[in-house]
Amino acid sequence: MIEQISARQDEALQAIGNAGDATALEGLRVQWLGRKSPLTQILRGIGELPPEQRGPMGQAANLAKAAIEAALEARTVAVSSARYSQLADTEWIDVTAPGQKPAEGHLHPITTIQYEIEDLFRGMGFSIWRGPQVEDEFHNFTALNIPADHPARDMHDTFWLKDGNLLRTHTSAVQIRAMERLTPPFRGIAPGRVFRHEATDASHENTFYQVEGLMVDRHISVADLIGVMKQLLSGIFKRDVTVRLRPGFFPFVEPGFELDIRCLICGGEGCSVCKQVGWVELLPCGLVHPNVLRLGGIDPDEWQGFAFGLGFDRLVMMRYGIHDIRYFQAGDLRFLEQF
Ligand code: DAH
């Protein structure tokens, strides 16, 4: 019996010595030490042997078991270190090779300018307001002093919705929401997307971006408006900008203006950008009409305000020399990747 055990042990040790990988070793462990292995069977049967044989047999079987366990362990270490030393030859990587740059997204140029303008206004104590893109007639028109039969409604080709609401045609609608919600004095801007039912061409889109500004306080005058506009424009263009106001009509301001800047390309001499006039029309603005203050719940005898509306698309086009507004919404990566 004892010779049989040592023969089995030799057989096992030889097989373990030949095993080439971890899977083979695991198979041998089951075969030689598992529940059905010869050694386990022998140990199990010991109780049935005559008493004087039990001690030596048990000892021999346990020694064989320990020898097999030790051999398995040693072989496992050997096999895995062989694998690691091979790795350097078979699976090497060149850590000095230049990396592959993952494709990174970035902000749309309109969003970039929006954030810049938000920062400039925050610096002047303005809040940032958001309003709904689906508006009602009251906030988009009526409360801005544009009653139903007013010809100014024709200036805005409106996308009407079946339920009587509309896609806001300008961010001026957010002025009214601010007045309804806040008690003066207050100042804020409302940047966002606006919509017009327009035939599109290089300078017209059905979806574009504006920022509306509104400041309400006591004794607001055109001088306050000019001061804030100059601060804004020198922030955007990174230099001092000369402005002039021309009369302009918008039902929600009185007086209303078109604000021009002295052409930044030719300095006022006249060039193709300013069409030889030396000035570029930049934004409409004015002092808030008393009717608008009243409809927004503010007493015009006590409070005044100025408002302006600035289009982002034109600004970005001027900044980068883009000559077709339709690129902004086209989702063409060849265009967007340039910013
Ligand atoms: N909401 C006007 C538009 O989109 C722009 C505008 C004009 C806004 C005069 C103003 C303003 O605040 O005072 O056509």
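The values are calculated or read from the model by the stated rules, or taken from the named source; none is laboratory data. Model, not experiment: these values are computed from the prediction. Please note: Cβ atoms are built from the backbone with ideal geometry, for glycine as well, and neighbour counts cover all protein chains shown. What goes into the accessible areas is simple: the full protein's heavy atoms, side chains included, and nothing from ligands, DNA or RNA. Shrake-Rupley method; radii C 1.70, N 1.55, O 1.52, S 1.80 Å.
From largest accessible area down, sort His150, His197, His219; use a 1.4 Å probe on the protein chains. Walk me through the numbers before you get to the answer.
Working: His150 50, His197 110, His219 155 Å².
Largest accessible area first, the residues go His219, His197, His150.
What full-extension length gain, to one decimal in nm, is calculated for Asp119 and Glu180 as 0.36 nm per residue of separation minus the Cα-Cα distance?
Numbers: separation 61, 0.36 × 61 = 21.96 nm, distance 2.48 nm.
Additional length available on full extension: 19.5 nm.
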For region 1-138, dividing by residue count, accessible area per residue (probe 1.4 Å) in Å² works out to 67 Å²
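Can you pull the percent of Cα pairs in region 173-212 with separation above 12 Å? Let's see the in-between values first.
Details: 508 of 780 pairs.
The share of Cα pairs beyond 12 Å in region 173-212 comes to 65 percent.
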³J(HN,Hα) across region 312-322 via Karplus (A = 6.51, B = -1.76, C = 1.60, θ = phi - 60°), whole Hz, x for Gly/Pro? 6, 4, 4, 4, 5, 5, 5, 5, 9, x, 8
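Determine, for each peptide in 237-247, 95-105, the mean count of other beta carbons within 10 angstrom over its residues, then list the peptides with the highest first. Mind dumping the intermediate values first?
On the way: 237-247: 12.5, 95-105: 5.6.
Per-residue mean Cβ counts within 10 Å order the peptides as 237-247, 95-105.
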Normalising by the residue count of region 2-90, find the relative contact order in percent from Cα pairs under 8 Å and 6+ residues apart. 41 percent
With r as the distance between the Cβ atoms of Lys101 and Asp10 and R0 = 56 Å, compute the FRET efficiency 1/(1 + (r/R0)^6) and round to 0.05. 0.40
Helix 51-90 sits off the longest principal axis of the Cα atoms of the chain, rounded to the nearest 10 on a 0 to 90 degree scale, by 40 degrees
Counting each DSSP H run of 4 or more residues in the chain as -39500 (n - 2.57), what helix-only mean residue ellipticity at 222 nm follows after dividing by all residues, to the nearest 500 deg cm²/dmol? -13500 deg cm²/dmol
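Under 8 Å for C-alpha pairs, at least 6 residues apart: give me the relative contact order for the chain, rounded to a whole percent. Let's see the in-between values first.
Numbers: 501 pairs, mean separation 48.1, N = 339.
It rounds to 14 percent for the chain.
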Spelling it out for Asp157: with amide H atoms placed in the peptide plane at 1.01 Å from N, the residues 5 or more places away or on another chain with amide H under 5 Å from its amide H are His197
With a Förster radius of 56 Å, plug the Cβ-Cβ distance of Ala67 and Phe339 into 1/(1 + (r/R0)^6) and report the FRET value to the nearest 0.05. 0.20
In region 194-286, what percent of the accessible surface is made up of carbon and sulfur (1.4 Å probe, ligands and nucleic acids excluded)? 51 percent
What the 10 Å binned alpha carbon P(r) of region 2-90 shows, as percent of pairs per bin from 0, is 17, 42, 24, 12, 4, 1
Using per-residue counts of other Cβ atoms within 10 Å, averaged over each peptide, order 64-72, 135-143 from highest down. 135-143, 64-72
Quantify, in whole percent, the carbon and sulfur part of the accessible surface of region 72-160 (1.4 Å probe; protein heavy atoms only). 56 percent
Rounded, prolate or oblate (a/c below 1.5 giving rounded, otherwise prolate when a/b exceeds b/c) for region 38-109 by Cα gyration tensor: prolate
Sorted by chain and then number, the residues having a modelled amide H within less than 5 Å of the amide H of Phe306, at least 5 places away or on another chain, are Met215, Val288
By how many degrees, 0 to 90 and rounded to 10, does the Cα axis of helix 109-123 deviate from the longest principal axis of the chain? 70 degrees
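Going by a ≥ b ≥ c, the root eigenvalues of the Cα gyration tensor, does region 109-336 fall in the rounded group (a/c under 1.5), the prolate group (a/b larger than b/c) or the oblate group? Intermediate values should be presented prior to the final figure.
Values: a/c = 1.62, a/b = 1.17, b/c = 1.38.
Oblate.
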With contacts defined as alpha carbon pairs under 8 Å and 6 or more residues apart, what's the relative contact order of region 214-339 in percent? 24 percent
Normalise the Debye intensity by I(0) for region 93-240, one equal point scatterer per Cα, no solvent, then take log10 at q = 0.10, 0.14 Å⁻¹ and round to two decimals. -0.47, -0.81
